Amino acid sequence: QSVDPSLFNETLSYYESRVENYESRNGETPIGLPVLDYMKHDDDYSTVVYLKGALMFSDIRKRIGDEMFFTSLRAYYNEYAYQIAPPSALLNIFVNECQCDLSDIYIHYGVP
């Protein structure tokens, strides 16, 4: 079952506005920080990790397309099911599956 595209786009717009508002108050904050670095403000973790993280995955999906995006997610699941995956695992799988360079996206969002 697919999600209504207008609902999806409205959700992304909401996330973008929340992240822009947060970063206008607190400065640009990378996604890839240690957890304790997100404790300066009440909404640090939720805004940066969840909302900005979702925007990063949306950008990856736009770049590589739906088929490759979901193929990568399945490959990640198959490789790391019932394990604790290293932080770079999913991002490396996207690159390996699409055979493309996503470093500009990772840099833009502050992922090491």
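The values are calculated or read from the model by the stated rules, or taken from the named source; none is laboratory data. None of these values were measured; they are calculated from a predicted model. Positions of Cβ are generated from backbone atoms using ideal geometry, with glycine treated the same way; all protein chains shown enter the neighbour counts. Surface accessibility is based on the protein's heavy atoms, side chains included, excluding ligands, DNA and RNA. Shrake-Rupley method; radii C 1.70, N 1.55, O 1.52, S 1.80 Å.
Please give the helices (runs of 4 or more DSSP H) falling wholly within the chain in which 1 or more residues are of a type in the set (Gly, Ala, Ser) and open to solvent by 80 Å² or more (accessible area, probe 1.4 Å).
On the way: elements: 5-26, 53-64, 66-80, 89-98, 103-109.
Once the helices (runs of 4 or more DSSP H) in the chain are filtered for at least 1 residues that are of a type in the set (Gly, Ala, Ser) and open to solvent by 80 Å² or more (accessible area, probe 1.4 Å), what remains is 5-26.
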Exercise. Among all residue pairs at least 6 apart or on different chains, which show Cβ distances below 8 Å where the first residue, located in the range 9-20, is farther than 15 Å from Phe57 by Cβ and the second is open to solvent by less than 80 Å² (accessible area, probe 1.4 Å)?
Worked result: Arg18/Thr47; Arg18/Leu51
Exercise. Which of the residues spanning the range 24-74 are farther than 23 Å from Ala89 by Cβ and of a type in the set (D, E, K, R)?
Worked result: Arg25, Glu28, Lys40, Asp42, Asp43, Asp44
Exercise. Pairs, please: C-beta under 8 Å, at least 6 apart or cross-chain, first residue farther than 17 Å from Ser103 by Cβ and in the range 40-69, second among the β-branched types (Val, Ile, Thr) and open to solvent by 60 Å² or more (accessible area, probe 1.4 Å)?
Worked result: Tyr45/Val35
